[in-house]
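Okay, structure first, notes after.
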Amino acid sequence: MLINLRNIGKVYCLGEVDIPALGGVSLEIERGEFLAIMGASGSGKSTLLNIMGCLDQPTSGEYLLDGERVESLDSDALAEIRNRRIGFVFQNFNLLPRTSALENVELPLYYDSRAKAGERKRRAAEILTRLGLTDRLHHHPRQLSGGQQQRVAIARALVNNPPLILADEPTGNLDSKAGNEIMDLFKELNRAGITIVMVTHETDIAACAKRTIHMKDGVIA
């Protein structure tokens with residue numbers, strides 16, 4: 001099992017007001033799954049994804065990633081996990097605007113002291129080529145379509161060969177054609193053995209996953 005969430009709770013404190021976001025979520029995700037998480041705005045789905053990605057820590061409960069308890073690790077250990085074991089894909093792409101596609105994909109490798117400059121460029125170019133962007137290596141984000149920008153973001157997520165990809169509304173800013181192309185790519189990556197957990201509000205996009213859960217008011221409905 002890759003992910004095991006046990007009674008995860010999350011409360012945000014805003015001044016003297018406590019706002020519950022998750023109310024005791026338990027979830028198991030097997031290695032090689034493709035899971036979609038659906039729910040209305042405010043249902044807790046993005047909070048849950050952020051906890052899986054070690055971007056946020058739960059207020060209560062246990063989180064085991066590949067058998068290791070991670071919910072109480074310090075910031076350095078969490079950063080190491082995020083860089084080496086998890087790839088992130090966001091709705092807004094989160095690319096550096098003044099940086100080429102190649103340089104954007106190289107970024108996670110700068111945290112790997114073993115990867116020298118030539119190795120970083122080779123690995124980044126290799127994954128971009130694999131995703132059909134051979135002729136876009138030196139283009140900046142503003143020179144790319146939305147679908148191409150998301151492919152660059154996916155390449156960046158894959159460059160460290162993580163076993164897990166977390167995607168938050170990955171097709172939210174794309175037209176239907178580009179969105180379908182991204183989902184075809186996700187299905188191909190999943191067939192290659194990568195575990196994918198995806199938040200979406202679109203039923204047709206969720207249908208691409210092998211399993212779907214629905215969240216409501218901070219719990220799995």
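Read-outs: derived from the displayed coordinates by stated rules, not from any lab. Predicted model only: the values in this text are computed from it and were never measured. Neighbour counts run over all protein chains shown; Cβ positions are idealised from the backbone, glycine included.
Can you pull out the trypsin sites (Lys or Arg not before Pro) in the stretch 4-39 whose DSSP state is coil and whose Cβ has at most 14 other Cβ atoms within 10 Å? The qualifying sites are R31.
Here's the list of aspartates and glutamates a cross-link from K10 could span, going by alpha-carbon distance under 14 Å and ignoring same-chain residues fewer than 8 apart: D18, D56, E62, E71, D217. Springs join every pair of Cα atoms under 10 Å in this Gaussian network model of the chain, and among E103, E16, E71 the largest mean-square fluctuation is at E16.
For the stretch 21-27, the Karplus equation 6.51 cos²θ - 1.76 cosθ + 1.60, evaluated at θ = phi - 60°, returns couplings of 10, 10, x, x, 9, 10, 7 Hz by residue, with Gly and Pro reported as x. Kirkwood hydrodynamic radius computed over the stretch 48-101 comes to 12.6 Å, based on all pairs of distinct alpha carbons. Across the options S41, L27, I86, the greatest Cα extent toward the positive end of the charge dipole of the chain (unit charges at beta carbon of Lys, Arg, Asp, Glu) belongs to I86. Taking the stretch 61-192 on its own, what percent of its Cα-Cα pair distances exceed 24 Å? Tail of P(r) above 24 Å: 30 percent of Cα pairs. The distance from the alpha carbon centre of the stretch 10-41 to that of the stretch 99-153 is 32 Å, rounded to a whole number.
From least to most packed, judged by other beta carbons within 10 angstrom and beginning with the fewest, V197, V70, V219 follow the order V219, V70, V197.
Across the stretch 2-44, Cα-Cα pairs more than 12 Å apart make up 70 percent of the total.
For the chain, the Cβ-based charge dipole about the Cα centre amounts to some 780 debye (Lys, Arg positive; Asp, Glu negative; other atoms uncharged). Per residue, the Cα convex hull of the stretch 89-141 amounts to 86 Å³.
Note on A77/N180: beta-carbon distance plugged into 1/(1 + (r/R0)^6) with R0 of 35 Å gives a FRET efficiency of 0.40. Using θ = phi - 60° in the Karplus curve 6.51 cos²θ - 1.76 cosθ + 1.60, the 3J(HN,Hα) couplings for the stretch 37-52 round to 10, 10, x, 5, 4, x, 7, x, 5, 6, 4, 4, 5, 5, 5, 4 Hz; x is entered for Gly and Pro. Taking a temperature of 4 °C and a viscosity of 1.567 mPa s, what whole-number D in µm²/s does Stokes-Einstein yield for the chain with Rh from Kirkwood over alpha carbon pairs? Approximately 72 µm²/s, per Stokes-Einstein. In a fully extended conformation the segment linking R211 and E30 would gain 64.1 nm over its present Cα-Cα distance, using 0.36 nm per residue.
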